[in-house]
Amino acid sequence: MKNTLYIIFATLFVQGCSSNNTKQQKVLEGKIERDQIAVTTKVPGKIQKILVEEGQMVQQGDTLVILELPEVDAKSIQAQGALEAAQAQYDMAVKGATDGQLTQLNAKVAGLKEQYDFAKKSLDRMQNLLRDSLVAQQKYDEVYAKYQGAKNQYLAAQAELADVKHGARIEQQKMALGQKERAIGAVSEVNVAAKERYIIAPQAMSIENINLKVGELALAGYSLVSGYIVDGTYFRLTVPESRVKEFQKNAVKTLTIPYLDNKTLTAKVETIKSLSNYASISTAYPDFEQQETLFEVRLKPTSTTDNKELLTKATFIVKDEK
């Protein structure tokens with residue numbers, strides 16, 4: 001009986017030691033993750049056509065969705081009309097007058113020049129007659145007044161012609177130029193909005209969710225397509241404080257992928273950060289001491305060739321290098 005008790009105690013002791021060794025040699029597991037991305041629209045519109053499917057891989061610059069934007073088309077016509085009107089106003093301000101108006105002003109100046117020359121000759125004759133006392137002073141004054149009137153009309157016509165040839169005032173030209181540039185800005189704004197009808201993939205990604213169907217309204221800022229970035233694959237695992245020393249930053253670790261028949265690949269430690277207390281315990285039977293701090297370790301694969309075949313949320317195991 002005594003021997004039997006010794007055997008039982010010995011068996012329990014061996015099992016306890018084995019259990020402690022197993023606990024100490026607990027393998028570290030984590031999940032394969034990918035950076036997510038959501039493609040939105042900046043202007044509201046209806047879904048006209050969807051060019052991709054869920055699960056499809058797309059490259060940067062591929063068109064995902066085409067929107068119907070009738071309001072933008074109407075604003076484009078308005079902006080183009082405003083630009084043409086502003087251009088005409090600016091041209092008129094710079095040029096000053098039409099060819100017909102210039103012809104009329106030239107004829108007016110020529111006619112007033114003839115009147116001025118005739119008045120000057122008449123004044124010269126009156127001066128000679130007045131010197132010889134052949135005309136009264138009043139008659140001379142009348143001719144002199146007509147001469148001054150003809151001269152002033154001629155000078156005014158010359159100034160008017162000069163203004164027309166040099167265009168409008170510089171202030172009016174600047175005002176017309178400002179209206180033209182404002183119209184150009186409106187056209188550019190409409191053109192930018194028109195390009196938003198094509199929803200483009202910002203980078204290589206896998207399509208996971210298409211949130212709207214053809215004919216539905218897409219509001220500004222609404223996520224139309226979401227998915228995972230192809231080059232955004234990383235490995236995430238939780239490490240207790242007692243083992244965090246095994247994961248130095250930039251250290252290269254060997255990982256095993258169980259669902260790929262234990263395929264191995266390498267990854268570099270990218271970030272290490274502590275988890276808050278409320279997020280530390282994720283199981284009812286934690287394999288670490290309660291007072292230990294947990295750290296989130298993020299690793300980046302050293303090669304991008306295997307990224308596409310890795311499934312998101314799949315499990316990986318950190319290979320023991322001892």
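Considering only region 120-174, how many residues are among the hydroxyl-bearing types (S, T, Y), more than 30 Å from T103 (Cα to Cα) and either at pLDDT 80 or above or not assigned by the TED database to the domain that holds A86 (or both)?
Total meeting the criteria: 2.
For I170, which of the numbered conditions (1) more than 13 Å from T40 (Cα to Cα); (2) in contact (Cβ under 8 Å) with a residue 12 or more places away in the chain fails to hold?
Unmet for I170, out of (1) more than 13 Å from T40 (Cα to Cα); (2) in contact (Cβ under 8 Å) with a residue 12 or more places away in the chain: (2).
Has region 284-303 got at least one residue that is modelled with pLDDT under 75, loosely packed, with under 10 Cβ neighbours inside 10 Å and of a type in the set (S, T, Y)?
yes
Go through the residues of region 199-213 one by one and say whether even a single one is among the basic types (K, R) and over 22 Å from the mean Cα position of the chain (by Cα).
yes
How many residues are assigned to a loop (DSSP other than H, G, I, E, B) and either of a type in the set (D, E, K, R) or not assigned by the TED database to the domain that holds N262 (or both) if we restrict to region 295-310?
3
From E71, E84, which residue is surrounded by fewer than 17 Cβ atoms within 10 Å (Cβ to Cβ), under 30 Å from E196 (Cβ atoms) and modelled with pLDDT under 80?
Answer to the check: E71.
Each row is one residue, and each column tells you yes or no for (1) surrounded by 15 or more Cβ atoms within 10 Å (Cβ to Cβ); (2) basic (K, R); (3) modelled with pLDDT of 85 or more; (4) under 32 Å from the mean Cα position of the chain (by Cα).
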{"position": "Q24", "(1), (2), (3), (4)": "no, no, no, no"}
{"position": "Q48", "(1), (2), (3), (4)": "no, no, yes, yes"}
{"position": "Q59", "(1), (2), (3), (4)": "no, no, yes, yes"}
{"position": "I66", "(1), (2), (3), (4)": "yes, no, yes, yes"}
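Every residue in region 188-210 that is among the β-branched types (V, I, T) and surrounded by fewer than 16 Cβ atoms within 10 Å (Cβ to Cβ), please.
Correct list: V192, I200.
The values are calculated or read from the model by the stated rules, or taken from the named source; none is laboratory data. Since the structure is predicted, the reported quantities are computational estimates derived from the model, not experimental observations. Note: ideal-geometry Cβ built from the backbone for every residue, glycine included; neighbour counts use all protein chains shown.
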